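A short write-up of the structure that comes next.
The values are calculated or read from the model by the stated rules, or taken from the named source; none is laboratory data. All of these numbers come straight from a predicted model, not from anything done at the bench. In this analysis, Cβ positions are derived from the backbone assuming ideal geometry, glycine residues included, and neighbour counts consider all displayed protein chains. Only protein heavy atoms, including side chains, enter the accessible area calculation; ligands, DNA and RNA are left aside. Shrake-Rupley method; radii C 1.70, N 1.55, O 1.52, S 1.80 Å.
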Amino acid sequence: MLFCSSAKPGMPANLVATADNGKIDLKWDRPLGNACVTAYNISCVRADGVGKTLAFQVDSTSTFITNVANSQKYNVTVQAVNSRYQGPIASTAVTPQGTASKWQCIGEQSYTPCQSAAAQLCQPLSCKRIAELDYCSEPWMRSVDWEKHTIKQSCINECGCPAEPTLRQTLAAPQPDICCAFKIADYYN
């Protein structure tokens, strides 16, 4: 059994930011030492100061950031935290490259519970579980507006957002009432 101390965590090690088309992938190693780490604070801001700072928290040693502009330099930071302390910040800069998509992604941190969950007939799935089950592209998680060229993606931190919609998403009708045990195998697992 591993034990950790309540000391201040160190700086995340070996931070690597990989640029893609409108996306930044981040990976790092746990800080050295035995301090408990309960989460990592992530921030991303354009180097020229334009726009808002994107800030969120993850509990793993990798994540990704979408909806970043190609050919723009971004400053990215990662900070280990526990219940008592915030550790020193690891930082890097990265410039996404690629062909700009004619589609815009509108991301939401969570999703709207279905009627069954709203009526407390079942427990809605967490965003993390939705991503694990590969349900991010389901019609109740991702919707496409062809006139405005927008993709609305729920659970954006866990699911990311595609550069363009798929044929399956164009043919699927929204199914708003399937957010609990909506596949028989999931119900019994």
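A compact table of results
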read-out	value
Extreme residue, farthest from residue 103 (Cα to Cα), among residues of the stretch 119-132 that are surrounded by 13 or more Cβ atoms within 10 Å (Cβ to Cβ) and more than 14 Å from the chain's Cα centre (by Cα)	122
Answer from 143, 110, 126 - the residue that is touching a Lys or Arg at 6+ places or on another chain (Cβ under 8 Å) and not aliphatic (A, V, I, L, M)	143
Residue in the stretch 1-23 that is surrounded by the fewest Cβ atoms within 10 Å (Cβ to Cβ), counting only those that are touching a Ser or Thr at 6+ places or on another chain (Cβ under 9 Å) and assigned to a strand (DSSP E or B)	16
Residue in the stretch 162-177 that is modelled with pLDDT of 80 or more and either on the phi > 0 side of the Ramachandran plot or hydroxyl-bearing (Ser, Thr, Tyr) (or both) present	no
Scan of the stretch 24-78 for residues that are aromatic (Phe, Trp, Tyr) and open to solvent by 30 Å² or more (accessible area, probe 1.4 Å), ordered by number	64
